[in-house]
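As structure tokens, the structure follows; a few thoughts come after it.
No value in this document is a laboratory result; all are computed from the given coordinates. The model shown is predicted, which means the values in this text are computed figures rather than measured ones. Note that we place each Cβ from the backbone using ideal geometry, even for glycine, and neighbour counts take in every protein chain shown.
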Amino acid sequence: MLWSLFKIILFVTAIALLTLGAGYLLETDGGIRIAVGSMEFNLEPLQAVIAGVLLVVAIWLAIILLGLIIAFVRFVNGDETAISRYFDRSRERKGYEALAEGMIALASGEGSTAMSKASRAEKYLRRPELTNLLTAQAAEMSGDKRKADEVYKRLLKDERTQFVGVRGIMKHKLAEGDTETAMKLAQKAFALKPRHTETQDVLLGLQARHNDWSGARKTLGAKLKYGALPRDVHRRRDAVLALSEAKGVLHEGNDIKAREAAIEANRLSPDLVPAAVMAARTYIENGKARYATRVLVKAWSAQPHPDIAAAFAEIAPEESAIERLKRFRALTKHRDGDPETRMLLTELNIAAEDYSEARKALGDLPDVLPSQRALTLLAAIERGEGADDQTVRALLARAVTAPRGPQWVCENCNHVHAAWAPVCDGCKGFDTLAWKSAPETDNAMQGGAEMLPMIVGEANSAEEVVEISDPDIESADDVPDAEIIEADRDAAQDDDPQKP
């Protein structure tokens, strides 16, 4: 920019000086006398100016002729390209000027101008490895994907630009939704440039989307190797991939390998709830209750979750409600102020028919942090203590419209998932799910199914209550809110036939 400004100032200055000199000559009386040896020339002012211009032209032509003579001499001495290089200098200058103008147009968002400049640069330079790059990007900016694909395919023929061609076609396939072809191209691009961060991320996302967990773990290892990922983040994501691999192996029927992968996932990230639950269940199947307890307690200390409590109940499925309440103290003594811990204690005490302790454990949670589950538990306590039907119905009505509470929510797009998954169903983000409260929706009640028999008055003892460890009822999605209210209404009518 400064050099261009300097040239403009120099040109304007030269024109001003020439104009000033020409005016001075025209106003001068007489002329210019030139003596060469015995010869003498007298020139009028105008003739002197013309002679000066002709002299400059002659010098310029002499320089060009001298350059041609030098090139010819080099050619005679064995330099076969000397003459061709001499004539190509002007073409190169024009070509690089067109290339520079095309890059400026591309940066300015003028796609069509950039394409025309790229075509002009190719005409003069004949350097496709340079001009094709500009043409492809200009075609993309102009929306001409067909032209861009043609250019990218030409780039594949040159080793120097092969990566650019593969990456360009890969991005087009991703935009078209052809993820299978895009993954193959991403693998090719990764093989060409394993350090390229964008290619690593694209390949990892596509492998996770296609359940290629083994390949995804290798890609994740490459990100760590080349410094594109912190070690703690790598351990967490490697645990997610190991857990996903374990689920895939278990689905194929290979129980032994699935157990090993689940245990490895828990070792890599003990706070990953699904990994802890899966690892604990593998220990339970092998009769290692102590190991399962240790895994679940550690996971609960990091993140209380209903699935952890359900797995902890599976360690001793035949125990009584009182025995279960005592054994669960290994969990509930950790994070005792957490809402999940308080609601778990409430459920355990309700199952043991100790409603005063259940109310004490629940505390002011329905008022401070109301949720469908907390209000349903409060309704169960009121039912157990003999409250009238109107009180129970009022609590259930509040539960229907209350927030659902923590769920598996994508931190990128807030998409709610019924169960944990390594890849978000909404934005396809990898390892973006977190257990937290989502924006209010019209989803069904969660966590109330366990208390249903007691709420509607169909159970008179703790043995008849559906306990939290029941694997067939994991959420209230199995029992819609309308059914709970309808069952409660039927129970009330049975108690008092006079009620409408």
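Numbers for the structure displayed
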| quantity | calculated |
| --- | --- |
| Distance (nanometres) between label positions extended 7 Å along Cα→Cβ at LEU61 and LYS326 | 11.8 |
| Segments 200-213, 173-186, 5-18 sorted - mean Cβ within 10 Å per residue, highest first | 200-213, 173-186, 5-18 |
| Extension gain, LYS257 back to LEU156 (0.36 nm per residue minus Cα-Cα distance, nm) | 32.2 nm |
| Shape category assigned to segment 182-229 from the gyration tensor of Cα positions, a/c cut at 1.5 | oblate |
| Calculated from backbone phi, Karplus (6.51, -1.76, 1.60) coupling profile of segment 55-67 in Hz, x at Gly/Pro | 5, 4, 4, 5, 5, 4, 5, 5, 5, 4, 5, 5, x |
| Reach of LYS360 by Cα under 28 Å, taken over lysines that are not fewer than 8 positions away in the same chain | LYS298, LYS326, LYS333, LYS436 |
| Using distinct alpha-carbon pairs, which all enter the 1/r mean, Kirkwood radius of segment 232-333 in Å | 13.7 |
| Karplus 3J(HN,Hα) series, Hz, for segment 214-219 with 6.51 cos²θ - 1.76 cosθ + 1.60 (x for Gly, Pro) | 5, x, 5, 5, 5, 5 |
| Filter on LYS218/LYS257; LYS117/LYS145; LYS247/LYS288; LYS247/LYS428; LYS225/LYS247; LYS171/LYS193 - keep pairs with C-alpha separation over 23 Å | LYS225/LYS247 |
| Amide H contacts of SER437 (H built 1.01 Å from N, under 5 Å, at least 5 apart or other chain) | GLN407 |
| Footprinting exposure proxy for MET39, MET170 (fewest neighbouring C-beta atoms within 10 Å first) | MET39, MET170 |
| Nonlocal amide H pairs with LEU43, under 5 Å, H built at 1.01 Å | ILE32, ARG33, ILE34 |
| Charge tally in the Cβ shell below 14 Å around GLU159, where Lys, Arg are +1 and Asp, Glu are -1, GLU159 excluded | +3 |
| Which of TYR152, TYR24 has the fewest Cβ neighbours within 10 Å, and the rest in rising order | TYR24, TYR152 |
| Net charge contributed by nearby residues that have their C-beta within less than 11 Å of LEU185 (K/R +1, D/E -1) | +3 |
| Proxy reagent accessibility, fewest Cβ within 10 Å first, across SER4, SER301 | SER4, SER301 |
| Burial ranking of peptide ranges 425-433, 270-278 (average Cβ count within 10 Å, highest at the top) | 270-278, 425-433 |
| Inter-site label distance for ILE9 and ARG393 at 7 Å from Cα along Cβ, in nm | 9.0 |
